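Right, I'll just put the structure down here and ask away after.
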Amino acid sequence: MDECSALLASGSLGAAVAAGELADSELGLGAARQLSQALEQRLDACRAEIQRQLDDNREAYAAAVAEVSRAQDTADLLLHGIDDMQALVGDDETGAGARLAAARHAEAQAVQQMNDSGSVLRCLRRLAALKADLHGMDVLVREQRLDAAAEAVVALEAALAAASELEGAQVSRVLADRVSLARLSIKDRALERLGAAVAVDIDERVLRVRADRTAAEPALFEALERLGATGEALQSLGARLVSKAVRPLLAARGIRHMASADDVDVFAVELGRTGDVSPPADVCGAVLGMVDKVDRVLGAASGHAAGATAWSGDVLSGISQLVLERCLLRLGALAPGSGLADYLDVANALVEFEEALLARCPLAERPILAAASRVEELFVEQRGARALVQARELADTASFQVYEMSGHEVLSADTLCALAGVDQLSPALAAAAGEGAAVFPQCAISGSVRELVALAYRLANEALMEPARQALDVYGALFPVLHTAELKAPALAWQYYNDCMYAAHHAAHLGAACDSGERGAWQTTAQRLVDAAAAHVAEMERGTARELERIVDAGSYADSAQDGRRAALAALSERVRRAVAQLCRAAMPPAVTPHVFYSALGRHLDAVFDATAAAVIDVRDISLDDSQVLSDHCWSIHGLVDLFRLDAQVLARYAGLAATASSGAEALDPLLQADGDECAELAARYCAQAGKLAQLADVLLISRADILARRRAGLLAQFTVDELVGLVRALFSDTHERARDIDELRRM
């Protein structure tokens, strides 16, 4: 028995069986049970020990692992012996197989737990190392050792990427976010220190770029290079310099470089807010000087080769665009009288400037080169844009200053040259002008519309017909909107009428100088101006007509023979005369042409005559004395036609004007109509209600038979049947003869 136990302890179970020849099987099974129980107890103890060692001591844990390994070896030997014993006596007899299977399962669980504990241990070791590295990185960032901090960031990012046991864990994401924040902090601090290396100071008159070479340490660029953020940092710094230095510089009218004692470290430019605009050469020189100043400070520190630039291609392309806008594209960049040759000179100077930028680094875009390839198109666009701005300013700032025309304007080549301020007309304008081709009659126009027409001719003389037409359109559209209140004054309203007709007259002439395909647009512009003038006058006269009708209706026409009412009608007649005379004073030639004056006066008188006739016809009972008073009142009101009489010397200026004007101009401009000099003739021509009021004055005094006779002769055609019937009933007593005459009037 002792020998078997010794053999079992040594692991030679097969030898023990051979030596004892299994003489006592019960004794062997009992020993196996004892060994199995001892093994289970030992495994349980090892498991507890492993757990304790994991919690208390890592070195003890390693010893426990070794002990478990030895126990595993012993268990394997025991299992082999038990398998042999089961083969001899069977498992039902021994029961050892089931217990050993359970022990084996327990052992597997212990091994799995050991492996899991090992993984946890490795994670803890890795986290401890990362924590130490993070702490070191934070210290470097706080101490502003940016190059070492950047190196630590890159190392930590690599370590996190290699830590497969932390993959997907929340702690890994937290660590990665912390490293990313450190990266951003390093970049921001590096950019802040680079910004301090190139400081911009600007006041009302001087812009200074100060360079601090000590602030631009190579370590800053080393840190940015490690983080792969050099380009991004320079891009951000360049954008800041463009915002704080380049844009204010280009916004100034005058730019002059200022030499200083510390010119090595300071670049100063004097800015002029008023006065002359600096030429493109000065602008380009100042911008290049600023670019070079930044290069001398940042270029060496960043390790760039001599002659290279610390600016990015995107930033330099943006600077090129800003200079292009300042020197060529912006309205007012060139003098108002600049021609195409001036634009070409500026474009060539700007191309040289952009090539100087290109020599420093490749540009993302070349806006100046692209603009230089279409400089002629830009010239046309700029001239057109300036023309629209000038038209807008003329419409907005017009002070209604009167331009006194010395005489009728004959559209000859000499006249147009003087108007446009040019020495010679283009062939197209010269051919369209001719000698005496068209005439605009003498009247009062505003200085602003004359400047507008001169602008249109200057543009047309440069073959810029479309901008010329657009300038007229803009002025015509904006002027009545911007000066609504002023145009309520009659004098200014008539001047605006003349302005529109003057602009339309010249628009028609400019249209004749165009190609056939463009004439339709010019005709539309001319007609639009004529319509605007007519619409404004019509609106004004509707208001004056209402005012005149209100004055007329204020009178009392019933029982007019009474002393008080007779005097009231006389005063009313005088008040109406003063009102009409006041309205016509603003339209007295030569402020307008006689035809315009006559037309306006005729419309005023029509309003008065019609209102007077309606008021008299509305009287239901007119006595014999009343009829005489009312007839006298009608003749007094009709006497307003003597306002058609004008001074002979004024009329002499317009004598024969229509004969000298071209048929085209006469058809376009109603100002060029022939005028008579007899008041009656003029009243019959321009005043539609004059005849009706004169007939009413007679009807109030004649018999029923005369009324019927005149109606048959057509002399009372302006009266309606109801009006005549009402007059007969008011003037004559109710008799059988009156009823018969009324029936006859109705049958006519």
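Mind ranking 710-721, 588-599 by how tightly packed they are, going by the mean number of other C-beta atoms within 10 angstrom, highest first?
Numbers: 710-721: 14.8, 588-599: 22.2.
Those peptides, ordered most packed to least, come out 588-599, 710-721.
Residue 202's amide H: which non-local residues (gap 5+, or another chain) put their own amide H closer than 5 Å, with H modeled 1.01 Å from N in plane and none for Pro or chain starts?
Answer set, sorted by chain and number: 208.
Could you give each residue of segment 381-395 its phi-based ³J(HN,Hα) in whole Hz, using Karplus coefficients 6.51, -1.76, 1.60 with θ = phi - 60°, and x for Gly or Pro?
Once rounded to whole Hz, the list reads 4, 5, 5, x, 5, 5, 5, 5, 5, 4, 4, 5, 5, 4, 5.
What order, most packed first, do the peptides 472-478, 619-625, 532-538 have when packing is the mean number of other Cβ atoms within 10 Å of each residue?
With the highest mean Cβ count within 10 Å placed first, the list reads 472-478, 532-538, 619-625.
Provide the packing ranking of 462-468, 402-408, 228-234, i.e. peptides ordered by the mean count of other C-beta atoms within 10 Å per residue, highest first.
Working: 462-468: 19.1, 402-408: 12.9, 228-234: 17.4.
For the peptides 462-468, 402-408, 228-234, the packing ranking is 462-468, 228-234, 402-408.
In whole Å and largest first, what semi-axes does the C-alpha gyration tensor of segment 348-419 yield when each eigenvalue is scaled by 5 and square-rooted? Write down the numbers at each step before the final one.
Values: eigenvalues 409, 52, 17 Å².
Square roots of five times the eigenvalues give 45, 16, 9 Å.
Something else: Whole number please: convex hull volume per residue, Cα atoms of segment 230-295, in Å³.
On the way: hull volume 5.7 nm³, N = 66.
Enclosed volume per residue, from the Cα hull, is 86 Å³.
Values quoted throughout were computed directly from the atomic coordinates according to the rules given, and no laboratory measurement underlies them. These figures come from a predicted structure and were not determined experimentally. Note that we place each Cβ from the backbone using ideal geometry, even for glycine, and neighbour counts take in every protein chain shown.
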